[in-house]
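A.B. asks: Mind having a look at this structure? Questions to follow.
The values are calculated or read from the model by the stated rules, or taken from the named source; none is laboratory data. If you're wondering where the values come from, they're calculated on a predicted model, not measured in any experiment. Heads up, the Cβs are rebuilt from the backbone with ideal geometry, glycines too, and the neighbour counts pull from every protein chain shown. Calculation scope for accessible area: heavy atoms of the full protein, side chains included, ligands and nucleic acids excluded. Shrake-Rupley method; radii C 1.70, N 1.55, O 1.52, S 1.80 Å.
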Amino acid sequence: MSTAVTTVIFNGAHKKTMDLDITLSMTAGQCLEWLKQAGWLPGDWEFKCEVSSTGEEWTELGHQVVLADVIQGDGALIRIWPY
């Protein structure tokens, strides 16, 4: 599987949620940059990411983690926090 439909949740001042077909060969850092370039995230902020398959247990992602290593199919959630 090279892509997965993933719910991306941005927990900034205004919470945003979007379902995206994400390329799993990207790293978490590349995904953040992609979202910045698309105008979905502020370009001058730093972020941390977490991933969950159920929304109950969350695992923090380093920016170098390849998404295919932590997302096994459609329905995963990525939560993004500014810091």
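A.B. asks: Enumerate the pairs (first residue in the stretch 24-43 and within 22 Å of G75 (Cβ to Cβ); second residue anywhere and of a type in the set (S, T, Y) and open to solvent by 30 Å² or more (accessible area, probe 1.4 Å)) with beta-carbon separation below 7 Å, excluding pairs fewer than 6 apart on the same chain, so at least 6 apart or on different chains.
C.D. replies: L24/S2; L24/T3; S25/S2
A.B. asks: Failed condition for M18, given (1) outside any loop (DSSP other than H, G, I, E, B); (2) surrounded by 15 or more Cβ atoms within 10 Å (Cβ to Cβ); (3) among the hydrophobic types (A, V, I, L, M, F, W, C), with all others met?
C.D. replies: Checking M18 against (1) outside any loop (DSSP other than H, G, I, E, B); (2) surrounded by 15 or more Cβ atoms within 10 Å (Cβ to Cβ); (3) among the hydrophobic types (A, V, I, L, M, F, W, C), the one that fails is (2).
A.B. asks: Let me ask something else. Take the residues in the stretch 54-71 that are touching a residue at least 40 places away in the same chain (Cβ under 8 Å) and either open to solvent by 40 Å² or more (accessible area, probe 1.4 Å) or touching a Phe, Trp or Tyr at 6+ places or on another chain (Cβ under 6 Å) (or both); name whichever of them is nearest to G12 (Cα to Cα).
C.D. replies: If we take residues in the stretch 54-71 being touching a residue at least 40 places away in the same chain (Cβ under 8 Å) and either open to solvent by 40 Å² or more (accessible area, probe 1.4 Å) or touching a Phe, Trp or Tyr at 6+ places or on another chain (Cβ under 6 Å) (or both), then V66 is nearest to G12 (Cα to Cα).
A.B. asks: Restricting to the stretch 21-38, what's the tally of residues that are open to solvent by less than 60 Å² (accessible area, probe 1.4 Å) and part of a loop (DSSP other than H, G, I, E, B)?
C.D. replies: Final tally of qualifying residues: 2.
A.B. asks: I've got another one for you. When you check A28 against the structure, is it at pLDDT 95 or above and aliphatic (A, V, I, L, M), yes or no?
C.D. replies: yes
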